[in-house]
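Novice: My questions all concern the structure below.
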Amino acid sequence: MKKNKTNKKRKTKRNITKLKYQIIGGSFGLVLCIVAILFFFISQRSEESYAIDGDAVSYEAAIKKPDGIAANAITFPAYADTTIKKNTEVFPVVLVNPEFNKAYIQFIVTIDDKKVPLLTTGLIEPGKAIIGVTLPKDLKEGDHKLHLEMLGYSKSKEPTRLSGSKTSFTLTIVE
């Protein structure tokens, strides 16, 4: 009788130990899978953001290099409030990287409180621009807030994020 109890205790103890190792091994495997998936998606996103934008065209901007600015500083363009007619499909804005910059610029344009951008460009080279942003078809008359984020990147083989700027301006839609 005593032997049976001792054998049962040992067997139970072995089963518990085996179960612990299975739980630890399974958890470790799950964490490895999650890390691999995250690495895949992060590396995909970073490759996309480092691509030179093929839609950018050469553009001579009227922007002059500010006096006294450091040689490695980035100058971001400014934008003013604008009025356009209803049913305009493409907002005629020029998203330009001035030719005197020594860095790439990426532009991200959103409207009102929407989280999904109207446009996310690739990297725009100095002296180039994206002309026009496609507007939503259901844009109503009145004032809309356009939010523009400009991100600077180094001009190296693998660009690294530098400084950036955010600005907003009003887009008024009229009949």
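The values are calculated or read from the model by the stated rules, or taken from the named source; none is laboratory data. None of the values given here were measured: they were computed from a predicted structure. Heads up, the Cβs are rebuilt from the backbone with ideal geometry, glycines too, and the neighbour counts pull from every protein chain shown. Side chains are part of the model used for accessible areas, which takes the heavy atoms of the whole protein and leaves out ligands, DNA and RNA. Shrake-Rupley method; radii C 1.70, N 1.55, O 1.52, S 1.80 Å.
Novice: What is the spin-label model distance, in nm, from Glu175 to Lys8 if the labels are put 7 Å beyond Cα along the C-beta direction?
Specialist: Spacing of the two 7 Å Cα→Cβ label points: 9.0 nm.
Novice: Express in nm, to one decimal, how much length is gained between Asp67 and Ser168 on full extension, taking 0.36 nm for each residue of separation and deducting their alpha carbon distance.
Specialist: Length gained between Asp67 and Ser168: 33.9 nm.
Novice: If you don't mind, there's one more thing I want to ask. Build a GNM of the chain with springs between Cα atoms under 10 Å: which of Ile108, Ile84, Ile16 gets the top mean-square fluctuation?
Specialist: Among Ile108, Ile84, Ile16, the largest GNM mean-square fluctuation belongs to Ile16.
Novice: For the chain, report the accessible area per residue in Å² (1.4 Å probe, heavy atoms, rounded to an integer).
Specialist: Per-residue value: 71 Å².
Novice: Can you run phi through the Karplus equation (6.51, -1.76, 1.60; θ = phi - 60°) for region 106-119 and list ³J(HN,Hα) in whole Hz, with x for Gly and Pro?
Specialist: 10, 10, 10, 10, 10, 10, 6, 9, 6, 8, 7, x, 6, 7
Novice: Past 18 Å, Cα to Cα, is the threshold; run Lys102/Lys157; Lys65/Lys128; Lys65/Lys157; Lys86/Lys137 against it and keep the listed order.
Specialist: Lys65/Lys157
Novice: Compute the helix-to-body angle for 2-49: its Cα long axis versus the longest principal axis of the chain, expressed 0 to 90° and rounded to tens.
Specialist: Helix 2-49 and the main axis of the chain meet at about 10 degrees.
Novice: Amide H neighbours of Val133 under 5 Å, at least 5 residues apart or on other chains, H built in the peptide plane: list them.
Specialist: Phe91, Val93
Novice: Given Cα pairs under 8 Å that are at least 6 residues apart, what percent is the relative contact order of the chain?
Specialist: In percent, rounded to a whole number, it is 23.
Novice: Among 33-40, 122-129, 166-173, what's the highest-first ranking by average C-beta atoms within 10 angstrom per residue?
Specialist: Ranked from most to least packed, the peptides come out as 122-129, 166-173, 33-40.
Novice: May I pose another question? Between Arg161 and Thr83, what FRET efficiency comes out of the Förster formula 1/(1 + (r/R0)^6) with R0 = 45 Å and r the beta carbon distance, rounded to 0.05?
Specialist: Efficiency, rounded to the nearest 0.05: 0.85.
Novice: Next question. Under 5 Å between amide H atoms, partner at least 5 residues away or on a different chain: which partners does Ile111 have, H built in plane at 1.01 Å?
Specialist: The answer is Leu118, His147.
Novice: To continue, here is another question. With θ set to phi - 60° and the Karplus curve 6.51 cos²θ - 1.76 cosθ + 1.60, what are the ³J(HN,Hα) couplings of region 150-161 in order, to the nearest whole Hz, using x for Gly and Pro?
Specialist: 3J(HN,Hα) across region 150-161, in whole Hz: 10, 10, x, 9, 5, 9, 9, 4, 10, x, 10, 5.
Novice: Across region 165-174, in residue order, what do the Karplus-derived ³J(HN,Hα) couplings come to in whole Hz, using 6.51 cos²θ - 1.76 cosθ + 1.60 with θ = phi - 60° and x for Gly and Pro?
Specialist: Result, rounded to whole Hz: 8, 10, 8, 9, 8, 8, 10, 9, 9, 10.
Novice: Amide H neighbours of Lys128 under 5 Å, counting only residues 5+ apart in sequence or on other chains, H built in-plane at 1.01 Å?
Specialist: Tyr59, Asn97
Novice: Please report, as a whole percent, how much of the solvent-accessible surface of region 92-167 comes from carbon and sulfur atoms (probe radius 1.4 Å).
Specialist: Accessible surface attributable to carbon and sulfur in region 92-167 totals 51 percent.
Novice: Rounded to the nearest 10 Å², what accessible area does Lys85 show when all protein chains are kept and the probe is 1.4 Å?
Specialist: 140
Novice: Rounded to the nearest 500, what is the 222 nm mean residue ellipticity of the chain from helices alone, with -39500 (n - 2.57) per DSSP H run of 4+ residues and division by all residues?
Specialist: Estimated from H runs of four or more residues: -10500 deg cm²/dmol.
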